[in-house]
1. If you go through the range 126-144 one residue at a time, do you hit one that is among the charged types (D, E, K, R), within 14 Å of E91 (Cα to Cα) and under 16 Å from the mean Cα position of the chain (by Cα)?
2. Return the residue satisfying two criteria in turn: it lies in the range 145-184 and is over 16 Å from the mean Cα position of the chain (by Cα) and among the small types (G, A, S), and of such residues it is surrounded by the most Cβ atoms within 10 Å (Cβ to Cβ).
3. Can you list residue pairs whose Cβ atoms sit under 6 Å apart, with the first residue in the range 130-157 being in a loop (DSSP other than H, G, I, E, B) and the second being modelled with pLDDT under 90 and of a type in the set (V, I, T)? Count only pairs 6 or more apart in sequence or on different chains.
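The values are calculated or read from the model by the stated rules, or taken from the named source; none is laboratory data. Quick caveat: nothing in here was measured; it's all calculated off a predicted structure. For neighbour counting, all protein chains shown are included, and Cβ atoms are generated from backbone atoms with ideal geometry for every residue, glycine included.
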Amino acid sequence: MSEPTFEQLRIPAALILIITVAFIFLPGSGDEEPTATTGAPAARSSPTAGQPGGAVTATVPPTPLATLTPAATSTPKPTATPVADNDFAAEVLACRVIAGPSCIGQFGVIPARAGTFTALVRFSAADAGDAMSVVLAGPGSTIGGSPYTLQGGGDGYYYSTFSIAGLPMGEYTLVATRNGTEVAQTSFQRGR
């Protein structure tokens, strides 16, 4: 009897190799979680914008913004002693829409037929851990946007979309806050 040749052994050897790889890399019994959910950390989602009433809606800005994430709680970051930060600066704008940090269609008077607008807060020299937020105050109502805690410091922007359908005519003020302290404001009219 002659010895088996390579051609005769390659198919059984390939099957053994495939079975071995399958047992090594496939998840075990049903009591373990699949590797896909426990292996690598989850990918970061894009920044989100707070809606009036506390709902948070995922959005995709035209430019990546790696320094903003949703805050873990809705309370500002506690500080033992407030420290004056002369380099920090901020502005808040009422915009029809935004494109990254750009306000497209800044409002002085928001038409009565408008149902929403976006509050854009642009800031510079922020610190990691700062909680940014914005509040809309007007005739008989105050609506808060969801605060966001910055992962890194520097320049950036924060935005929140407000639903204004049904709000009465009159003067409204947007107030931007950093760690619960007012840093900028702007006023506009809700027109007829």
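1. Start the filter on the range 126-144 by keeping residues that are among the charged types (D, E, K, R), which leaves 127, 130.
Imposing the further condition that a residue be within 14 Å of E91 (Cα to Cα) reduces the set to none.
No, the range 126-144 contains no residue that is among the charged types (D, E, K, R), within 14 Å of E91 (Cα to Cα) and under 16 Å from the mean Cα position of the chain (by Cα).
2. A176
3. Here the result reads S146/V56; Q151/T67; Q151/T69; G152/T67, each pair linking the range 130-157 to a residue that is modelled with pLDDT under 90 and of a type in the set (V, I, T).
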